[in-house]
Amino acid sequence: MIGDKRYFVLHAPRQTGKTSTLLALRDLLNSGGVGEFRCVYVNVEAAQAVREDVRRAMQVILGELASRARSAGDEFLYDAWPDILETFGDGALAEALTRWCENTAAPVVLLIDEIDTLIGDTLIAVLRQLRARYDRRPESFPQSVVLCGVRDVRDYRIHSNLERMVIAGGSAFNVKARSLRLGDFSRDEVSDLLAQHTQETGQAFSPR
């Protein structure tokens with residue numbers, strides 16, 4: 001789906017390996033083994049603290065995204081995002097992503113973790129900005145975006161204080177191609193993981 005320029009959702013209960021899966025995907029895409037990509041992972045949970053203050057949420061999200069990109073060797077957002085926030089305010093995320101993609105040689109893939117920790121108008125703002133510039137990918141917007149959380153975005157019922165109504169997540173982000181559920185580990189997969197742990201640490205597990 002990433003090669004086909006799709007946006008999609010990855011969801012599963014907590015502590016089932018979602019973040020580990022995203023980080024492994026990031027490393028694979030950045031390795032060059034499956035093509036040339038600039039893949040950045042960002043966790044947006046810190047923006048939950050500002051609740052429905054959209055501008056402050058954009059500040060938190062852009063700061064975290066810029067820091068993650070800088071750690072991956074890409075300085076552009078780190079230098080650019082404060083001015084973009086000052087000029088574009090609540091809509092700064094979309095403009096920052098556009099400028100970043102236009103200044104990056106490889107197609108950008110964005111992995112957004114803990115998306116469903118965002119609240120109300122903040123969540124709506126993020127989803128709508130991703131939807132609004134979807135048609136500009138990959139030259140001027142991320143080629144692919146993965147939203148990761150506990151629930152499928154189409155199940156969201158988002159209470160907007162600004163619009164004084166409940167908005168369905170599926171309508172705010174109707175550009176996703178698929179929703180993927182990270183399945184629970186099978187018995188064989190658990191056995192393999194325990195065997196790997198024993199091999200690496202020497203700690204054995206008694207069968208039950």
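Coordinate-derived values only; no laboratory data. What you see is a predicted model, and the numbers here were worked out from it, not measured in a lab. Cβ atoms come from the backbone with ideal geometry, glycine included; neighbour counts cover every protein chain shown.
Tell me which residues come under 5 Å, amide H to amide H, from TYR7 once H is placed; ignore anything under 5 positions away on its chain.
Distant-sequence amide H within range of TYR7: VAL145, ALA177.
Could you give me the ³J(HN,Hα) list for segment 46-56, computed from phi with Karplus coefficients 6.51, -1.76, 1.60 and θ = phi - 60°, whole Hz, x at Gly and Pro?
These are the phi-based 3J(HN,Hα) values: 4, 6, 4, 5, 8, 6, 9, 7, 4, 4, 5 Hz.
What FRET efficiency would be calculated for the residue pair THR16, GLU86, taking the C-beta separation as r and a Förster radius of 30 Å, to the nearest 0.05?
Details: r = 39 Å, r/R0 = 1.32.
Working from the Cβ atoms, E equals 0.15.
Across segment 116-123, in residue order, what do the Karplus-derived ³J(HN,Hα) couplings come to in whole Hz, using 6.51 cos²θ - 1.76 cosθ + 1.60 with θ = phi - 60° and x for Gly and Pro?
Here the 3J(HN,Hα) series is 7, 7, 5, 10, x, 5, 5, 4 Hz.
Would you grab the residues whose amide H sits under 5 Å from the one on VAL108? Only those 5+ places off in sequence or on another chain, please, with H modelled 1.01 Å from N.
The answer is ARG38, GLN143.
Please work out how much length the chain gains when fully extended from ARG51 to VAL150, using 0.36 nm per residue of separation minus the C-alpha to C-alpha distance, in nm with one decimal. Each step should come with its number before you reach the end.
Working: separation 99, 0.36 × 99 = 35.64 nm, distance 1.84 nm.
Residue separation times 0.36 nm, minus the Cα-Cα distance, leaves 33.8 nm.
Quick one: Karplus J couplings for segment 81-98, per residue in order, coefficients 6.51, -1.76, 1.60, θ = phi - 60°, nearest Hz, x for Gly and Pro?
5, x, 5, 5, 4, 4, 7, 9, x, 4, x, 5, 4, 4, 5, 4, 5, 4
Between GLU75 and LEU162, what is the spin-label point distance in nm, taking each point 7 Å from the Cα along the Cα→C-beta axis?
Distance between label points: 3.4 nm.
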